[in-house]
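Right, one structure below, let's go through it.
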Amino acid sequence: MNIKTILAFALGPIATAGLGLLTVPAIAWIFPPADVGRLNIVQIAVSFGVLLFNLGLDRAYVREYHEWTDRGALLKACFVPGFVLLLLAVVITLPYDRVITTWLFGLDHVVYYWVLVACVVVSFVSRFLSLILRMQDRGIAFSMSQILPKIILLIAVGVLVLPIFSRSFGQLEVAYLASLLSVLFLYSWNTWREWSPALRATVSRTQISGLISYGVPLIFAGVAYWGLDATSTLALRSLSTLPELAVYSVSMSFAGVGVVFQTIFTVLWAPLVYKWVAHGVDMKRVDHIAQQALAVVCAIWVLSGTFSWLTDFILPARYVQVKYLMLCCIGEPLLYTLSEVTCVGIGITRRSMLSLWSTLVALAVNVGASVWLVPKHGAAGAVVANAIAFLVFFIARTEASAYVWRPFPRARLYVFVVIAVALSIATLLLGPDAPVHFSFVWMAMLPLVFWYFRAEWTVMYRSLHAAIRSEGWLLAPGRGPDVLP
């Protein structure tokens with residue numbers, strides 16, 4: 001994968017994070033906290049529905065893409081079982097739609113549940129169409145499909161400001177559905193040459209059974225990670241209030257810079273490392289990559305702490321806590337990304353059960369800490385529980401990898417991530433009453449991070465410079481403007 005392709009895939013997460021800095025404050029200003037919390041429940045439910053009903057066949061599609069000659073048949077074989085199961089689940093829930101609506105949203109309007117069902121169905125279809133673009137390395141189309149829903153949602157929220165609208169949760173939920181439909185339309189348009197043959201393709205039960213046997217075991221790991229990710233939302237909905245859930249939701253949204261790093265890195269890392277394995281590359285280079293990833297993680301964390309006070313200028317006063325909470329929230333994507341490097345030995349040795357057990361241990365920690373902290377501390381307790389759980393998740397995956405693969409240096413990794421998590425929790429607990437503004441403490445860490453990791457920054461700069469020159473984007477020394485290296 002060359003640098004142009006990397007930048008094409010990076011465009012989506014970066015632009016999405018930038019648009020999120022506009023969309024989240026807009027929703028926070030226009031809608032009451034309870035409705036912001038309900039929107040977070042919708043998003044969590046959609047992610048769970050897509051994860052559960054695709055039966056792991058999205059990953060089976062990626063795994064078999066280069067093995068099947070009839071890719072239309074592969075798409076159909078992967079899509080149909082989960083879609084049929086999803087429709088069956090919708091039929092089964094018909095008699096309980098009012099009960100489910102009340103439990104999820106605290107409102108007795110069944111239409112909210114059916115809009116949620118529509119969101120799940122649309123997202124399910126979009127998930128499989130997005131894989132086509134991903135496997136064809138169509139980075140620009142893939143990125144535009146991520147950017148468009150944010151734009152549509154921002155426009156829809158802007159329209160809802162008009163006096164003719166009552167600004168209810170129902171209108172916000174419909175605006176979210178409209179953003180998802182825009183994605184589906186764009187994916188359908190960009191991939192019609194690939195999905196239209198799937199409508200006429202024939203597949204056998206044997207083929208479908210083989211795909212399901214590969215995909216279904218992956219559901220357990222996926223559901224466990226979803227539980228780890230969603231515990232805070234579920235705990236706040238069950239043990240606290242919707243306004244506290246809104247504060248948590250907005251705080252997580254401002255951890256977007258960490259999500260950008262996670263998204264870009266995970267798209268690139270797995271194919272690269274398994275290519276190294278296949279070609280017999282010395283895997284000690286993973287140790288150097290881990291240190292470089294640690295440098296980036298620390299830099300993002302420290303910069304977020306330095307500038308998190310800016311949220312006070314773009315959010316309503318009722319979200320004043322966000323600048324303290326978001327530093328614990330950003331630990332989730334950053335620690336997950338770092339663990340993707342350090343746990344590579346689990347994938348190389350095909351000991352995937354260890355990854356599942358690592359996730360379950362972290363999930364148990366998150367549930368226990370949330371039950372203990374959320375009733376008394378609300379959103380603050382949820383983010384602390386989440387930060388500790390993801391620290392456990394990172395350490396468990398790293399230790400499992402070192403055990404089944406090979407020992408590698410870990411002390412430096414643990415020291416820095418523990419300091420980052422501890423400082424984030426200290427900022428949350430002491431920041432509001434500290435005699436010195438907390439941002440100055442984080443700012444003091446900046447020169448330390450850049451000095452301590454100076455070797456890693458130098459290597460990364462040289463690698464990036466070499467990659468850009470190899471693409472012909474820079475002039476070679478001593479050459480004229482019409483000559484590319």
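With the structure loaded, tell me whether Gly215 is touching a Cys at 6+ places or on another chain (Cβ under 9 Å), closer than 18 Å to Thr342 by Cβ and at pLDDT below 85 or whether it fails that test. Break it down stepwise before answering.
Working: touching a Cys at 6+ places or on another chain (Cβ under 9 Å): yes; closer than 18 Å to Thr342 by Cβ: no; at pLDDT below 85: yes.
In short, no.
Report whether or not Arg397 is in contact with a helix residue (DSSP H, G or I) (Cβ under 8 Å, 6 or more places away or on another chain), surrounded by fewer than 20 Cβ atoms within 10 Å (Cβ to Cβ) and modelled with pLDDT under 95.
Values: in contact with a helix residue (DSSP H, G or I) (Cβ under 8 Å, 6 or more places away or on another chain): yes; surrounded by fewer than 20 Cβ atoms within 10 Å (Cβ to Cβ): no; modelled with pLDDT under 95: yes.
Spelling it out, it is not the case that Arg397 is in contact with a helix residue (DSSP H, G or I) (Cβ under 8 Å, 6 or more places away or on another chain), surrounded by fewer than 20 Cβ atoms within 10 Å (Cβ to Cβ) and modelled with pLDDT under 95.
Filtering the stretch 166-198 down to residues that are assigned to a loop (DSSP other than H, G, I, E, B) and polar (S, T, N, Q), which residue is least open to solvent (accessible area, probe 1.4 Å)? Before the answer, list the steps.
We begin by selecting, within the stretch 166-198, every residue assigned to a loop (DSSP other than H, G, I, E, B); these are 166-168, 191.
Checking the rest, the ones that are also polar (S, T, N, Q) come to 166, 168, 191.
Values: Ser166: 88, Ser168: 37, Thr191: 0 Å².
That would be Thr191.
Is it the case that some residue within the stretch 25-43 is open to solvent by 30 Å² or more (accessible area, probe 1.4 Å), touching a residue at least 12 places away in the same chain (Cβ under 8 Å) and among the acidic types (Asp, Glu)?
There is no residue in the stretch 25-43 that is open to solvent by 30 Å² or more (accessible area, probe 1.4 Å), touching a residue at least 12 places away in the same chain (Cβ under 8 Å) and among the acidic types (Asp, Glu).
Which one of these is part of a helix (DSSP H, G or I), in contact with an Asp or Glu (Cβ under 8 Å, 6 or more places away or on another chain), farther than 22 Å from Val223 by Cβ and not charged (D, E, K, R): Leu21, Leu75? Working first, answer last.
Details: Leu21 fails: in contact with an Asp or Glu (Cβ under 8 Å, 6 or more places away or on another chain).
When all the criteria are applied, what remains is Leu75.
Kindly indicate which of Ala402, Ala387 is buried (at least 22 other Cβ atoms within 10 Å of the Cβ), touching a residue at least 24 places away in the same chain (Cβ under 8 Å) and closer than 30 Å to Arg351 by Cα.
On the way: Ala402 fails: buried (at least 22 other Cβ atoms within 10 Å of the Cβ).
When all the criteria are applied, what remains is Ala387.
Give the residues of the stretch 221-242 that are touching a helix residue (DSSP H, G or I) at 6+ places or on another chain (Cβ under 6 Å), of a type in the set (Gly, Ala, Ser), within 15 Å of Ala379 (Cα to Cα) and in a helix (DSSP H, G or I), sorted by residue number.
Ala230, Ser232, Ala235
Within the stretch 145-181, track down each residue that is at pLDDT below 80 and either closer than 29 Å to Glu194 by Cβ or of a type in the set (D, E, K, R) (or both).
Those that are at pLDDT below 80 and either closer than 29 Å to Glu194 by Cβ or of a type in the set (D, E, K, R) (or both): Ser145, Gln146, Arg167.
Can you name the residue in the stretch 329-367 that is open to solvent by 40 Å² or more (accessible area, probe 1.4 Å) and among the small types (Gly, Ala, Ser) and is also modelled with the highest pLDDT among such residues?
Per the criteria, the residue is Ala364.
The values are calculated or read from the model by the stated rules, or taken from the named source; none is laboratory data. Since the structure is predicted, the reported quantities are computational estimates derived from the model, not experimental observations. Using ideal geometry, Cβ is built from the backbone for each residue, glycine included, and neighbour counts are taken over all protein chains shown. With ligands, DNA and RNA removed, areas are computed over all heavy atoms of the protein, side chains included. Shrake-Rupley method; radii C 1.70, N 1.55, O 1.52, S 1.80 Å.
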